[in-house]
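Here is the structure we will look at, set down as structure tokens.
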Amino acid sequence: MEKIRVGIIGAGGIAAKLHLPELAEIAEVEIAVLGGRKQSRLKRLSELFGVPHTTDSYDEILSDKSIDAVVIALPHPLHVSYGLTALAEGKHVFMQKPLSTSFEEADQFVEAVDSFDRVVFALPYVSKPHVLAARKMVEDGSLGVVSSATARFSHGGPEVYYATIQEILQEEPENELWFFDAEHAEVGALFDMGVYAIAHLVAILGSVKSVSCRMTTMHKPTQLEDTATAILEFESGALGTAETGWCDGARTYAFSIHGSESKVVNPSLTGDLIHLRPSSKVDEDAPLLESKLDLSAFPNISGHQHWIDCIQQGCQPPISNVYFARHVTEILLKCLESAHRRCVVNVQSRLQ
């Protein structure tokens, strides 16, 4: 079978830590070209991952007819503009999170995807066994009536994250990171890390119809928020709490879904799912029945492998698609509006 030739646009941290390592492990993929602005990074990453060609021109990659698919691994505000060009050039697209910092852009991108016969993958991290299992339990009623859910995704901040990246790239630490630059990044911890918390809850519980959010800046050298909490009202009537931030040195990546009959908990920093049930419905102090769920029935593959599988099958991802990404983008934007106006804000888009 002929390999899918992939070009990567952006030679920064996320390309070094995620996109290049995962794509390099996929037999059906040839990483044909890497584009970036820093020659030192292009040289280091091309040698590390065996990429035969590098360029400082993103347009060169997008216009290359031999490239089948591209990964957009650029800062948040640049995603859609390059994604639109990629679609127009006939490329399949893997879009780095978040989709956009503008709902108008997100809407424009969805329209473009509908117009072109290309596979677009977005927010890939929700297509994981523990998320899919929790989603199924909600759908089949295993938890009873789901009334609420929580998700928290937070870490010690971009400078902690980039310490690992700088080790990969063999670079000296930077005093200024683009994440903290309000003009460059446009959005802070809510879009950077809160996107994970919100996307997990939406993947499991479905569409959100309103949000209420509060944000603050507690510790980081930025005008942007470094801490945020949002209350999400789902179409089902359930309530969800999404917490995030750059001030959690011990890191938290976890969620829990609470139903009238039982609940499931994803312990922080794991891919496990724990099912807890009451041993008695009339004894408040009765012990809980706890079991670690077998997730082997759900595919455990990387987001990039899922993208390649969808390209080969000629279908859009069932969850991590542009409609999902647009809905999450609107939720994030409405969270910003809610925090600034200090009120509940309705969400207009829905999952498809």
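At-a-glance table
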| item | result |
| --- | --- |
| Cα centroid separation - segment 244-323 against segment 126-180, whole Å | 12 |
| Gain on full stretching of the segment that runs from His184 to Glu60 - 0.36 nm per residue minus C-alpha separation | 42.2 nm |
| Amide H contacts of Asp248 (H built 1.01 Å from N, under 5 Å, at least 5 apart or other chain) | His155, Gly156, Gly157 |
| Segment 318-352: trypsin sites (Lys or Arg not before Pro) in DSSP coil with no more than 15 other Cβ atoms inside 10 Å | Arg342, Arg350 |
| Angle between the chain longest axis and helix 79-88 axis [Cα atoms, degrees, rounded to 10] | 60 |
| Anisotropy class of segment 116-170 from Cα gyration tensor, a/c 1.5 cut | oblate |
| Segment 1-48 - Rg and Dmax from Cα coordinates, angstrom | 10.6, 34 |
| Cleavage-rule hits (trypsin sites (Lys or Arg not before Pro)) in segment 54-163: DSSP loop, at most 15 neighbouring Cβ within 10 angstrom | Lys65 |
| Overall form of segment 41-99 per C-alpha gyration tensor (a/c, 1.5; a/b vs b/c) | oblate |
| Convex hull of segment 256-352 built on C-alpha atoms - directionally averaged projected area, nm² | 10.2 |
| Efficiency of FRET between Gln352 and Asp140 - r from beta-carbon atoms, R0 25 angstrom, step 0.05 | 0.70 |
| Residue with peak Gaussian network fluctuation, the chain [Cα springs, cutoff 10 Å], from Ser148, Ser302, Ser291 | Ser291 |
| Normalised per residue, the volume of the convex hull around the Cα set of segment 155-271 (Å³) | 125 |
| Stretchable slack from Thr241 to Thr164, in nm (0.36 nm times residue separation minus alpha-carbon distance) | 24.8 nm |
| Amide H within-cut-off set for Ile301, under 5 Å, with H built and near neighbours excluded | none |
| Charge context of Asp248, other residues only, Cβ under 13 angstrom, K/R +1, D/E -1 | 0 |
| Tilt relative to the chain, helix 39-49 - C-alpha long axis, 0 to 90 degrees, to 10 | 70 |
| FRET E, pair Glu176, Ser279, Förster distance 41 Å, beta-carbon r, rounded to 0.05 | 0.15 |
| Phi-based couplings in Hz for segment 187-195 (Karplus 6.51, -1.76, 1.60; Gly and Pro marked x) | 10, x, 4, 4, 6, 6, 10, x, 4 |
| Computed over segment 59-154, Kirkwood Rh from alpha-carbon pairs, angstrom | 15.4 |
| Those trypsin sites (Lys or Arg not before Pro) in segment 255-323 that DSSP places in a loop and that have at most 10 other beta carbons within 10 Å | Lys281 |
| Beta bridge orientation in the chain: antiparallel %, DSSP, nearest 5 | 60 |
| Peptide ranges 233-241, 13-21 listed from the most packed, as the mean C-beta count within 10 angstrom indicates | 13-21, 233-241 |
| Relative contact order computed over segment 252-316 (Cα-Cα under 8 Å; 6+ residues apart), in percent | 19 |
| Within segment 255-269, backbone nitrogen closer than 17 Å to the virtual label 7 Å beyond the Cα of Ala286 toward Cβ | 259-263 |
| Environment charge of Ile204, counting only residues whose C-beta is closer than 10 Å and scoring Lys/Arg +1, Asp/Glu -1 | +1 |
| Acute angle (nearest 10 degrees) that the helix 103-115 long axis makes with the longest principal axis of the chain, alpha-carbon atoms | 70 |
| Unit Cα scatterers, Debye sum, the chain: log10 I(q)/I(0) for q = 0.12 Å⁻¹ | -0.89 |
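Since every read-out is calculated from the coordinates, none of them should be taken as a lab result. Owing to the predicted nature of the structure, the values given are computational and were not obtained by experimental measurement. Counting neighbours? That spans all protein chains shown, and the Cβs are built from the backbone with ideal geometry, glycine included.
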